[in-house]
1. For region 185-203, which positions are part of a helix (DSSP H, G or I), within 18 Å of residue 152 (Cα to Cα) and hydrophobic (A, V, I, L, M, F, W, C)?
2. Residues to consider are 250, 274, 306; find the one that is more than 11 Å from the ligand (Cβ to nearest atom), charged (D, E, K, R) and surrounded by fewer than 16 Cβ atoms within 10 Å (Cβ to Cβ).
3. Looking only at region 272-312, which residues are assigned to a strand (DSSP E or B) and aliphatic (A, V, I, L, M)?
4. Note down all Cβ pairs under 9 Å where the first residue falls in region 128-151 and is in contact (Cβ under 8 Å) with a residue 40 or more places away in the chain, the second is β-branched (Val, Ile, Thr) and in a loop (DSSP other than H, G, I, E, B), and they're at least six residues apart or on different chains.
5. Does residue 116 fit the bill of being within 16 Å of the ligand (Cβ to nearest atom) and either of a type outside the set (Phe, Trp, Tyr) or modelled with pLDDT of 95 or more (or both)?
6. Only one residue in 237, 165, 206 is within 24 Å of residue 64 (Cα to Cα) and touching a residue at least 24 places away in the same chain (Cβ under 8 Å). Which one?
Amino acid sequence: MFNVNWKRLGMVAGLSLSLVAAGCGSGEEESGSSNEGNNGDSGAPNYSEEMDYTITGIEAGAGVVSSAQSAVEEYDSLNGWEVSTSSSGAMAQELTSAYENEEPIVVTGWTPHWKFAKFELKYLEDPKEVFGGEEEIKTMVRKGLEEDMPNAHKILDQFEWETGDMEKVMLEISEEGSSPEEAAKNWVESNSDKVEAWTKGAEKVDGKEIELVYVNWDSEIASTNVIGHVLQQQGFDVTMTALDNGPMWESVASGEADGMVAAWLPGTHGSQYEDHKDDLVDLGANLTGAKIGLVVPKYMDVDSIEDLQPAE
Ligand code: PBE
């Protein structure tokens, strides 16, 4: 223990001699030296220990979770850290309760998401660019959809909206407790100009079955329900099936499902896209300006992933 502390103390750049001397002379190695050593000259409290060196993740198959795992490999500041996995809902609950108690927490986060409207949050800087830059959310459909269902294909191809649109739907669900169907219906009713542009040139059909797949991420619950509602209004018999990320990609590539509006590229789902791109039809972006990263409450005095501290 004592040795480890000294080793780390030696590694902290810019640590002043007086700090070391103070730690030495006080005879309080337990309470004094390790924290002071961790603080270096940034002055930041040692949140990392309080968080048990854990990043609060979401579903194991999510791209942001694998990026967080890569960050643990890449950043010395995350040595000995773990990424917990559960679900987006569980992450949101943990964030909510940490926030209410002003406790430190690091979550795998993404934009668009309602949490930025509800809480004061910030992305940690990622100087190694492990989480990539700006992302697009793209629409992918199965091969043959255009021939089999030209009207659905046209609508999916024309579907595009903005961050603020998606956030409205997400916020109605998270803040007002509306069901995803209800929130989607309300958004569609008050945005007829956009919906008209998506359905332009598409003829109505009579109960043709179509299956959209998605993952239970708040952003994808919103988008899938909105486009699902529009397809329903056009006369389609729409099934929306929630899967894990990998199976979502596989089901469209194999032709089992007809399409999805949940492809985060180029980074987040880059490996899924590489695996399946020859078996999919890429209909382009339905939303631009998306982002993933590590997110913390603003009350935490850390700005960069590099401000976190490795486990002993
Ligand atoms: N997300 C939301 C997904 C894509 C959409 C950022 C949680 C992911 O990480 O795979």
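The values are calculated or read from the model by the stated rules, or taken from the named source; none is laboratory data. Quick caveat: nothing in here was measured; it's all calculated off a predicted structure. Heads up, the Cβs are rebuilt from the backbone with ideal geometry, glycines too, and the neighbour counts pull from every protein chain shown.
1. Across region 185-203, the qualifying residues are 188, 195, 197, 198.
2. Just a single option satisfies the conditions, and that option is 274.
3. Once the filter is applied, which keeps residues that are assigned to a strand (DSSP E or B) and aliphatic (A, V, I, L, M), region 272-312 yields 280, 281, 283, 285, 287, 290, 292, 294, 295, 296.
4. As it stands, the answer is 131/268; 132/268; 135/268; 149/205; 151/205, since those pairs meet every condition given.
5. Considered against the rule, which asks whether it is within 16 Å of the ligand (Cβ to nearest atom) and either of a type outside the set (Phe, Trp, Tyr) or modelled with pLDDT of 95 or more (or both), residue 116 comes out as yes.
6. Going through 237, 165, 206 in turn, just one is within 24 Å of residue 64 (Cα to Cα) and touching a residue at least 24 places away in the same chain (Cβ under 8 Å): 165.
For (1) modelled with pLDDT under 95; (2) closer than 30 Å to residue 248 by Cα; (3) more than 16 Å from the ligand (Cβ to nearest atom); (4) among the hydroxyl-bearing types (Ser, Thr, Tyr), each residue gets a yes or a no:
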residue: 7; (1), (2), (3), (4): yes, no, yes, no
residue: 18; (1), (2), (3), (4): yes, no, yes, yes
residue: 33; (1), (2), (3), (4): yes, no, yes, yes
residue: 42; (1), (2), (3), (4): yes, no, yes, yes
residue: 67; (1), (2), (3), (4): no, yes, no, yes
